[in-house]
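Working notes for the structure below.
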Amino acid sequence: MAFSEEDGTNSGTSEAGEDREALGKRRRLGWAATTWLTFYNIAMTAGWLVLAIAMVRFYMEKGTHKGLYKSIQKTLKFFQTFALLEIVHCLIGIVPTSVLVAGVQVSSRIFMVWLITHSIKPIQNEESVVLFLVAWTVTEITRYSFYTFSLLNHLPYFIKWARYNFFIILYPVGVAGELLTIYAALPYVKKTGMFSIRLPNKYNISFDYYYFLLITMASYIPLFPQLYFHMLRQRRKVLHGEVIVEKDD
Ligand SMILES: CCCCCCCCCCCCC/C=C/C(=O)SCCNC(=O)CCNC(=O)[C@H](O)C(C)(C)COP(=O)(O)OP(=O)(O)OC[C@H]1O[C@@H](n2cnc3c(N)ncnc32)[C@H](O)[C@@H]1OP(=O)(O)O
């Protein structure tokens with residue numbers, strides 16, 4: 001699933017043009033949707049800022065990453081789970097993001113939070129957890145403040161620039177953190193057989209979480225480049241005003 005992006009032509013070439021574009025966008029969205037999205041984006045920016053401050057404070061006080069996840073897990077779980085609404089926003093059409101792109105992005109995060117880091121306590125102190133936490137946090141503060149300022153029609157160039165440049169480094173760093181964390185979980189999952197269903201059972205089904213994790217890791221190979229190149233195309237469109245027409249997937 002994809003969307004045509006011809007509307008992006010010349011966006012950002014003049015302030016008056018940007019103002020008209022923002023006003024037109026608000027009218028198209030309707031005031032209820034705009035108000036909800038503004039509230040949602042402010043709440044999410046604040047949530048990820050709280051997480052960032054908590055992580056910096058923890059490290060400054062303790063001087064180690066050990067125990068960091070435990071200390072911030074409630075806030076992380078709350079705000080990352082809240083982000084499921086992003087899929088709903090796409091489905092009901094109040095944001096034009098592809099459902100597929102948002103779905104892969106959000107579900108991989110939910111999976112990392114609940115089915116990996118929350119469920120497998122021995123890996124919570126891995127350095128790789130810090131890697132993806134830092135990448136996610138910086139990304140989300142930038143992304144949600146970008147949406148907020150855009151909706152309020154006062155988008156500082158620095159935030160626009162950060163939104164479409166930081167990911168170049170943060171995406172690979174985040175993905176490396178996620179993959180290394182799943183990798184670190186494998187021996188524990190194999191040993192305990194957690195979340196697995198063995199035969200025989202009355203439903204006659206079997207499921208092996210260990211192999212599911214291996215398949216999930218392998219699925220990053222085709223999926224991650226698609227998200228990354230999608231963001232590179234968005235970068236060319238938003239920062240350089242290029243007209244890009246995406247093919248339907
Ligand atoms: C069950 C197990 C599943 C496992 C699956 C495993 C496979 C996973 C493989 C891939 C794994 C990826 C893991 C990710 C890790 C990380 O995140 S690491 C940290 C770095 N991450 C990033 O940099 C993330 C980059 N991604 C994004 O920015 C986006 O999330 C996106 C989903 C890729 C979408 O970007 P884009 O297409 O540019 O769309 P939007 O930014 O959403 O904008 C489109 C238009 O919609 C408007 N809009 C969107 N949301 C809002 C909002 N909340 N409020 C207001 N407006 C919004 C936006 O303004 C745009 O409008 P226009 O300007 O009018 O076009």
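Just a few scattered comments:
One line per residue, one yes/no per condition, for (1) touching a strand residue (DSSP E or B) at 6+ places or on another chain (Cβ under 9 Å); (2) over 20 Å from residue 242 (Cα atoms); (3) touching a residue at least 40 places away in the same chain (Cβ under 8 Å):
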site	(1), (2), (3)
138	no, yes, yes
141	no, yes, yes
145	no, yes, yes
150	no, no, yes
153	no, yes, yes
159	no, no, no
166	no, no, no
170	no, yes, no
175	no, yes, yes
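- Boolean, residue 107 is polar (S, T, N, Q), without any contact (Cβ under 8 Å) to a residue 24 or more places away in the chain, closer than 22 Å to residue 83 by Cα and near the ligand (Cβ under 8 Å from one of its atoms): yes
- Out of 67, 93, sole residue that is more than 10 Å from the ligand (Cβ to nearest atom) and out of contact with any helix residue (DSSP H, G or I) (no Cβ under 8 Å at 6 or more places or on another chain): 93
- When we screen 155, 213, 199 for residues that are touching a helix residue (DSSP H, G or I) at 6+ places or on another chain (Cβ under 6 Å) and assigned to a loop (DSSP other than H, G, I, E, B), the only hit is 155.
- Filter result for residue 173 (among the hydrophobic types (A, V, I, L, M, F, W, C) and modelled with pLDDT under 95): no
- As a summary of the residue check, residue 161 satisfies the conditions (1) surrounded by 19 or more Cβ atoms within 10 Å (Cβ to Cβ); (2) part of a helix (DSSP H, G or I); (3) of a type outside the set (S, T, N, Q) except for the one numbered (1).
- From the list 76, 100, the one residue that fits, being out of contact with any helix residue (DSSP H, G or I) (no Cβ under 8 Å at 6 or more places or on another chain) and surrounded by 13 or more Cβ atoms within 10 Å (Cβ to Cβ), is 100.
- For the stretch 127-144, the tally of residues that are more than 16 Å from residue 106 (Cα to Cα) and surrounded by 22 or more Cβ atoms within 10 Å (Cβ to Cβ) stands at 2.
- Evaluated against (1) surrounded by 14 or more Cβ atoms within 10 Å (Cβ to Cβ); (2) more than 9 Å from the ligand (Cβ to nearest atom); (3) touching a residue at least 12 places away in the same chain (Cβ under 8 Å), residue 236 falls short on exactly one condition, (3).
- Residue match in the stretch 69-91 (condition: free of Cβ contacts under 8 Å to residues at least 12 places away in the same chain and not in a helix (DSSP H, G or I)): no
The values are calculated or read from the model by the stated rules, or taken from the named source; none is laboratory data. Model, not experiment: these values are computed from the prediction. Positions of Cβ are backbone-derived with ideal geometry, glycine not excepted, and every protein chain shown enters the neighbour counts.
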